[in-house]
Amino acid sequence: MKICIFGAGAIGGYMGVKLAQAGADVSLVARGPHLAAMQEKGLTLIEEDGAPQTVKVNASDNPADLGPQDYVIITLKAHSVPPIVPKVQPLIGPDTTIVSGVNGVPWWYFHKIGTELEGTRLETVDPGNAQWNGFGPDRVLGCVVYPAAEVSEPGTVKHIEGNRFSLGEPDGSKSERAMALSKALGAAGLKAPVRPHLRDEIWVKLWGNLSFNPISALTHATLDVLCTDEGTRAVARNMMIEAQQIAEKMGVKFPIDVDRRINGGAAVGAHRTSMLQDLDQGRPMEIDALVGSVQELGRITNTPTPTIDTVLALTKLRARSAGLYGS
């Protein structure tokens, strides 16, 4: 089984080291100083217990060097994926599976959904249908990523918490390809359950990303603060309720309620969300996939989203002012 991780930063690097340690035939696509360090010294993973582990990895910035794969696991931020679709093509053979380990509403969401919305495309996450046409929805295997990690320096990934990568077919089946990848990830010490209702899990994670990320970018507050401050908690709660109304119209079932989800965010502590980190570090902000997509789904399902609309408008302007949002 040949596995390529496209976008081997923090999460991709963590997964890559674990797979390599388990003896998998894994390759990594990366760039810049991080790639140079991996090629020179290998990739180092610092686990939660602080023990560094370094493995030699097959890493390149040219996918054509790596050849067709059985699985291509994409661990980039959502807005970075459409432009790289042509670069992924050398990795795709007749039976290649594309694993979408990307935050937000996935581009394949309405593939094999089994409702009147079958085949609906989302412009906010897949402008011009780049992924739908370039990858093809039949190749996709969904993935909800839970671990937290960071690139502490080029060639070194620090694992903070979590080891679960939930997998799911768009039609909910326990396919051979899903089970085979689950087994490979399990052998690497990672939890990779195959879920029959992955969309439910997507929405529970999206609940937090939709609200906590933009509010933190606007206020610079950490999770513990914005989830307990009376005003920002109310804003997050309203955004989540609007999102829940949209999702339930599409058949999603939430296993927890809104307040429990917010309390879970508060329990994480003084965490700076990814959107706030991107703002601070001058990186493009993941606004469309996390917030704009939910607004788009509101329009599709005829669901009002007044709080989401307000927060999205403010966040877009904040990002444009910093030169970090240009769509």
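Every number here is computed from the coordinates shown, using simple stated rules; none is lab data. Computed from a predicted model, the values in this text were never measured in an experiment. Cβ coordinates were reconstructed from backbone atoms using ideal geometry, including for glycine residues, and neighbour counts include every protein chain displayed.
Descriptive notes on the structure:
- Under the simplified labelling scheme, the Val225-Ser80 pair shows an inter-label distance of 2.7 nm, with each label point 7 Å from Cα along Cα→Cβ.
- Here the contact order of the chain, divided by its residue count and restricted to Cα pairs under 8 Å and six or more residues apart, works out to 16 percent.
- The length gained on full extension between Ala313 and Glu153, counted as 0.36 nm times the residue separation minus their Cα-Cα distance, comes to 54.2 nm.
- Only Cα pairs under 8 Å and 6+ residues apart enter the sum, and on that basis the relative contact order of region 2-196 stands at 23 percent.
- Cα-centred dipole magnitude for the chain, charges only on beta-carbon of K, R (+1) and D, E (-1), debye, nearest 20: 120 debye
- Taking a ≥ b ≥ c as the square roots of the Cα gyration tensor eigenvalues, region 219-276 comes out prolate, since a/c reaches at least 1.5 and a/b is larger than b/c.
- Those residues of region 140-182 whose amide nitrogen sits under 12 Å from the label point placed on Met1, 7 Å along Cα→Cβ: 176-182
- Excluding same-chain neighbours fewer than eight residues apart, the lysines reachable from Lys174 by a Cα-Cα span under 20 Å are Lys112, Lys183, Lys191, Lys253.
- Those aspartates and glutamates that a straight Cα-Cα span of less than 15 Å connects to Lys56, excepting residues fewer than 8 apart in one chain: Asp25, Glu40
- Here is the result for region 133-199: no GluC sites (Glu not before Pro) lie in DSSP coil with at most 13 other C-beta atoms within 10 angstrom of their C-beta.
- Against the empirical curve 2.2 N^0.38 Å, the C-alpha radius of gyration of region 199-321 lands at a ratio of 0.98.
- Region 142-162 and region 177-231: distance between their alpha carbon centers, rounded to Å: 13 Å
- Segment Ala22..Ile256, full-extension length gain: 80.7 nm, with 0.36 nm per residue of separation and the alpha-carbon distance subtracted.
- Stretching the chain fully between Val268 and Gln53 yields a gain of 74.8 nm (0.36 nm per residue, less the alpha carbon separation).
- Alpha-carbon spread of the chain, three principal axes, descending order, Å: 49, 43, 35
- Loop sites in region 1-70: trypsin sites (Lys or Arg not before Pro), DSSP, at most 12 other Cβ within 10 Å: Lys56
- Value of Rg to Rh for region 2-196, rounded to two decimals, is 0.95; Kirkwood radius and Rg both from alpha-carbon coordinates.
- Remark: region 199-321 carries a charge dipole of roughly 140 debye about the Cα centre, counting +1 on each Lys and Arg Cβ and -1 on each Asp and Glu Cβ.
- Beta bridge orientation in the chain: antiparallel %, DSSP, nearest 5: 35 percent
- Amide H to amide H distances under 5 Å link Val140 with Ile98, where only residues 5 or more positions off or on other chains count and H is placed in the peptide plane.
- Within-15-Å neighbourhood charge of Glu150 [Cβ basis; K, R +1; D, E -1]: -2
- Here the mean projected area of the convex hull built on the C-alpha positions of region 268-327 is 4.8 nm².
- Between Lys87 and Ser173, the simple spin-label model (points 7 angstrom out along Cα→Cβ) gives 3.3 nm.
- Of the residues Ser80, Gly264, Met275, the one whose Cα sits farthest towards the positive end of the charge dipole of the chain is Ser80 (charges of +1 on Lys and Arg Cβ, -1 on Asp and Glu Cβ, taken about the Cα centre).
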